[in-house]
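One structure is given here, and the rest of the page talks about it.
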């Protein structure tokens, strides 16, 4: 009985968001700089499966996190662009239990609980430099938070049965 209850609790935690309401970020909504991104994970990045958030590890430090300002509604905006390996379709979700205090800002408008990303093929022509996108597609966005907290992120990859689940500290040393 206890195992069944735990399995049900995990299923609710990682339940797929409704497809109709799910914001989508296709390849053509990517962010580009002066050239292709060369490293999938750099020091300070947070990797979860086939995705990595720029500079997220520093945000576990309460002093570093405190440097971010608040909006009028009291929420803290964190810019954390996302790197996705080429040709992957991934959905990133905030666990249901954390949605009142955290959301994703990768979609237009207000923060949302989940977003689907479609990375470009490696040979996709770049629009801001001469060449191709390469093996990594970058998407602008980040997080909206009600304050320091741990947030459970769920990364689902099309074609992979089990999701990647990670507790991410924002302004707290450990989750």
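Some observations on this one:
- Remark: the Cα gyration tensor places the chain in the oblate category, a/c being 1.5 or greater and a/b not exceeding b/c.
- Helix-only arithmetic for the chain: the sum of -39500 (n - 2.57) across DSSP H runs with n ≥ 4, divided by the residue total, places the mean residue ellipticity at 222 nm at -2500 deg cm²/dmol.
- Convex hull volume per residue for the range 30-119, taking Cα atoms only, in Å³: 131 Å³
- Packing rank of 38-45, 88-95, where each peptide gets the mean count of other beta carbons within 10 Å, highest leading: 88-95, 38-45
- The separation of the range 126-144 from the range 146-173, counted between C-alpha centres, amounts to 22 Å.
- Shape call, the range 100-150: gyration tensor on alpha carbons, a/c limit 1.5: prolate
- Relative contact order %, the chain, counting alpha carbon pairs below 8 Å whose residues are six or more apart: 28 percent
- The stretch between residue 128 and residue 140 holds 2.8 nm of extra length on full extension. This uses 0.36 nm per residue minus the Cα-Cα distance.
Quick note: the coordinates plus some simple rules give every number you see, no bench work behind them. Given the structure is predicted, the values throughout are model-derived calculations rather than measurements. Heads up, the Cβs are rebuilt from the backbone with ideal geometry, glycines too, and the neighbour counts pull from every protein chain shown.
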